[in-house]
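> Have a look at the structure that comes next, please.
The values are calculated or read from the model by the stated rules, or taken from the named source; none is laboratory data. Keep in mind that this is a model prediction, so the values were computed, not measured. Quick reminder, even Gly has a Cβ in these numbers, built from the backbone with ideal geometry, and neighbours come from all protein chains shown.
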Amino acid sequence: MQSEPAHNIKPSDADNGDVGPFLLKTVAAGILVGLVSYILFSHSDFMEHWHYIADKYEYLELDEAPFIFAFVSVYLVFFLWLALVRQRKILRTLENEITVWQEAQSRLSEALIAHERFFTMSHDFRAPVNSIPGLTYLMRTDAFGPLENEKYQEYVEDIHRSATMLDMTIAQVLDVSALAAD
């Protein structure tokens, strides 16, 4: 039974790693900032009012404020674009790492299920194998009557020896797998 991860991050179809859409959005934002700056600072009443404030407060040097505003706006848009590009790269890296982690988790889950099945199967397999030496012991000791044919007695000895060796081999395999599990 595989558990569902708490997060389900998947790359969107639009996210193909292309920087073109970001560049287009950045240029559009720059044009928009330029238009807003032009509208705000080119209006004659506004500019006259601005010059009045700039003359009144000469020590603040406000004459360059529209240019400073435009420069800072372009600067901010450019660095926001750079930050978005970096974030997209980090997101892609994280998505790749999450995919690798999910694949490893899936392989681990499958290995644990196979290991559990092996132990269940080994118990189911070992129980009948253990009964063979017991049955051959009863036959060798003539518990239910003598084996009259000597060839049958040899077969019983061979069966007993083979079943005992098989039981020891199964025990060794289980011991090795238990050590490997730790």
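> Can you find a residue that is in a helix (DSSP H, G or I), small (Gly, Ala, Ser) and at pLDDT 80 or above anywhere in the range 119-134?
yes
> Quick one: in the range 144-165, of everything that is at negative phi and outside any helix (DSSP H, G or I), which residue is surrounded by the most Cβ atoms within 10 Å (Cβ to Cβ)?
The residue in question is Leu147.
For every residue, the table says whether it meets (1) of a type in the set (Val, Ile, Thr); (2) closer than 30 Å to Leu179 by Cα; (3) under 43 Å from the mean Cα position of the chain (by Cα).
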position	(1), (2), (3)
Ile113	yes, yes, yes
Leu147	no, no, no
Tyr155	no, no, no
Arg161	no, yes, no
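> I've got another one for you. Before we move on, is Leu32 surrounded by 12 or more Cβ atoms within 10 Å (Cβ to Cβ) and modelled with pLDDT under 70?
no
> Cβ-Cβ distance below 8 Å, separation of 6 or more or different chains: which pairs start in the range 146-170 with a residue that is under 15 Å from Val129 (Cα atoms) and end on one that is among the aromatic types (Phe, Trp, Tyr) and surrounded by 11 or more Cβ atoms within 10 Å (Cβ to Cβ)?
As it stands, the answer is His160/Tyr137; Ile170/Phe125, since those pairs meet every condition given.
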